[in-house]
Amino acid sequence: MFKKLRNRFLIVNLTTISVIMLIAFASIYVIMYLNVQNDINMNLHRIADYQQKGPGDAGHPGSADGIPPKENRPMEGGNPPPERSISFTVTTDASGNLKDKDSKFTMDDEFYTAALKEALSIGKDIGRFTLDDSRWIFTVKHTGEGKVIVFLDITAQQKILTNLIYTFTAVGLLMLIILYFTSRFFANRSIAPVREAFDKQKQFIADASHELKTPLTIINTNADVLLSNSGDTIGNQAKWLQYIKSETERMTRLTNDLLYLTEMDDSRTGMMHSRFNISEAVENIILTMEAVIFEKHISFDYDIQPELTVQGNSEQIKQVVMILLDNAVKYTNPKGAVAITLKKQNNDVLLSVSNTGEGIAAEHLTRIFDRFYRTDTSRARQQGGYGLGLAIAKSIVEQHKGRIYAKSVVGESTTFYVQLP
């Protein structure tokens, strides 16, 4: 499923980028093509205007037909042709026969005749043709005695346009290859959170089903026992009823915790936040837990800096303290010690809850805040836990824009930290 999702992302991304590149390259090529064509036409007309001053100069000395010799033509009245352009002019009679030629390059007469033939065969006053692997453009000016045809070599300009196409193709293919691997890399990174969330959801459903399956099995078994002894009194079967009630309460706590987590994850169900005295809130939780700690013969120490305040929901923060302190008491070794501190650290408030005991291995520290995750399933079951307490605490702390984390030394102690702005 995720592979298909990644491939669809790649296809959409590459298609979009390809269309954008195609439009960009086409725009550049069209602009370049129009500029080249405009440059060619300007050069062609400059050559035509320079080399042909027109029949109006009749009577010029040294000219039998009224067109001044090349060496006596005036420079004014027109710009000289580009020095690097290869061009020539031919003059024909009324029948289209070659009458005269004008070129600053030495060419065979057959070449002039072939070029004239190509131009006349097109039958237009302006056109293009290929001759001897060169690309030519021509323009025809009609005179009273025939035609004056100006030819211009545009092979270099055509090569520029052709090379531009090849360059765009090579650059486009190279960019697509680079973009493919780049897009694939980012696509994999993009779907990684989705894959992780999907895997967590699957694990969550499996764990929730497992946790619900056990009490349901117990309830069903005890109900069968009751039904098999339907004639007995309630007093004699109170044990089975007590088992059913106990497991029902466990299921109720589980479903309530799941509903609470869902509400915490839903951004639409935000609670009212205000500034409150967190020192007083932590002290209240300590007072409620002192009796439990005393009964378990656990050493308890606390250091609460007075008059510390934070922005948030006091009931939720109390729940976080209760979860951490309750876990610390549950997992402390016999005659162990529990300590809780609250102090100001820079601009934040830092709460720490530590206990002596088995500790938590490093590979578990990053996962203990996951739902239903327990490092020791059998012991957690004996303690009546589902592995949701720390997940609830994490959700509350994150909603308060804080940070919760743990540090542990295996076989010695574990400390949980809550940092609130």
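Looking at region 274-420 only, what percent of DSSP beta bridges run antiparallel? Nearest 5 please. Kindly include the intermediate steps, with their values, before the conclusion.
Working: 27 of 33 bridges.
The antiparallel fraction comes to roughly 80 percent.
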Query raised in the report: In nm, to one decimal, how far is the modelled label at Leu212 from the one at Ser274, with both set 7 Å along Cα→Cβ?
Result: 3.8
Query - Positive-end extreme of charge dipole, region 145-280 - chosen from Gly235, Gln158, Tyr260 (charges on Cβ) - result: Gln158
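Rounded if a/c is under 1.5, else prolate if a/b beats b/c, else oblate: with a ≥ b ≥ c from the C-alpha gyration tensor eigenvalues square-rooted, which is region 193-267? Present the calculation step by step, with values, prior to reporting the outcome.
On the way: a/c = 6.03, a/b = 2.68, b/c = 2.25.
Prolate.
Only bridges with both residues in the chain count here: give the DSSP antiparallel percent, nearest 5. Display every interim value, and only then the final one.
Working: 52 of 58 bridges.
In the chain, approximately 90 percent of DSSP beta bridges are antiparallel ones.
Using Cα pairs under 8 angstrom and six or more residues apart, how large is the relative contact order of the chain, in percent? Please report the intermediate quantities before stating the final value.
Numbers: 504 pairs, mean separation 42.0, N = 421.
Relative contact order of the chain: 10 percent.
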Report summary line: In the chain, taking the dipole from +1 charges on Lys and Arg beta carbons and -1 charges on Asp and Glu beta carbons about the Cα centre, the listed residue (Ala393, Ile191, Ala24) farthest towards the positive end is Ala393
Query raised in the report: How far is the Cα center of region 134-148 from the Cα center of region 314-357, in Å?
Result: 99
Query raised in the report: Per-residue accessible area for Val349 at 1.4 Å probe radius, Å² rounded to 10?
Result: 10
Query raised in the report: Under 24 Å from the Cα of Lys318, which lysines turn up, not counting those fewer than eight places away in the same chain?
Result: Lys296, Lys330, Lys343, Lys344, Lys394, Lys401, Lys407
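Using DSSP, restrict attention to beta bridges with both residues in region 200-359 and report what percent are antiparallel, rounded to the nearest 5. Before the final figure, lay out each step's value.
Values: 12 of 18 bridges.
Here the share of antiparallel DSSP bridges comes out near 65 percent.
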Report summary line: For P(r) over Cα pairs in 20 Å bins from 0, in percent the list reads [x] 21, 30, 14, 22, 11, 2, 0; [y] 23, 46, 27, 3; [z] 17, 26, 15, 11, 16, 12, 2, 0; the calculated value is entry [z]
Report summary line: For Phe2, the net charge from surrounding residues (Cβ-Cβ under 11 Å; K, R +1; D, E -1) works out to +3
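In debye, nearest 20: dipole of the chain around its Cα centre with unit charges on the Cβ of K, R (+) and D, E (-)?
Numbers: 46 positive and 47 negative charges, 174 e Å.
Rounded to the nearest 20 debye, it is 840 debye.
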Requested in this report: Tell me the chymotrypsin sites (Phe, Trp or Tyr not before Pro) within region 89-142 that lie in a loop according to DSSP and have at most 12 other beta-carbon atoms within 10 Å.
Outcome: Phe105
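Only Lys, Arg, Asp and Glu count, each charged at its Cβ (+1, +1, -1, -1), so figure out the dipole size of region 193-267 about its Cα centre, rounded to 20 debye.
Numbers: 8 positive and 12 negative charges, 48 e Å.
Magnitude of the dipole: close to 220 debye.
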Report task. Could you point to the residue in Tyr302, Ser279, Ile404 farthest towards the positive end of region 274-420's charge dipole, with +1 and -1 charges on the Cβ of Lys/Arg and Asp/Glu respectively? Result -> Ile404
Report summary line: In nm, the gap between the two label points placed 7 Å beyond Cα toward Cβ at Val410 and Ile165 is 6.9
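What does the C-alpha gyration tensor say about the overall shape of region 242-367? Classify as rounded when a/c is under 1.5, otherwise prolate if a/b is larger than b/c, or oblate. Spell out each step's value before the answer.
Details: a/c = 1.59, a/b = 1.04, b/c = 1.53.
Oblate shape, in that a/c is at least 1.5 and b/c is the bigger or equal ratio.
I need the peptides 148-159, 169-180, 335-346 ranked by packing, meaning the mean over residues of other C-beta atoms within 10 angstrom, with the highest value on top. Mind dumping the intermediate values first?
Numbers: 148-159: 19.8, 169-180: 12.2, 335-346: 15.6.
Highest to lowest by the protection proxy: 148-159, 335-346, 169-180.
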Report task. Please give, to one decimal in nm, the separation of the simple spin-label points placed at Ala24 and Asp109, each 7 Å out from Cα toward the Cβ. Result -> 5.7
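Please work out the average accessible area per residue across region 281-356, using the 1.4 Å probe convention, and give it in Å².
Working: 3930 Å² over 76 residues.
Accessible area per residue, region 281-356: 52 Å².
With the full set of protein chains in place, find how many percent of the accessible area of the chain is carbon and sulfur; take the probe as 1.4 Å. Walk me through the intermediate numbers first.
Working: 14300 of 25460 Å².
Reported share for carbon and sulfur atoms: 56 percent.
Gain in length, Thr16 to Ser246, computed as 0.36 nm per residue apart minus the alpha-carbon separation, to one decimal in nm?
Numbers: separation 230, 0.36 × 230 = 82.80 nm, distance 6.02 nm.
Length gained, Thr16 through Ser246: 76.8 nm.
The values are calculated or read from the model by the stated rules, or taken from the named source; none is laboratory data. Everything quoted here is computed from the prediction, not taken from an experiment. As a convention, Cβ positions derive from the backbone with ideal geometry for all residues, glycine included, and neighbour counts pool all protein chains shown. Each accessible area value is taken on the protein alone, full model and side chains, heavy atoms only, with ligands, DNA and RNA left out. Shrake-Rupley method; radii C 1.70, N 1.55, O 1.52, S 1.80 Å.
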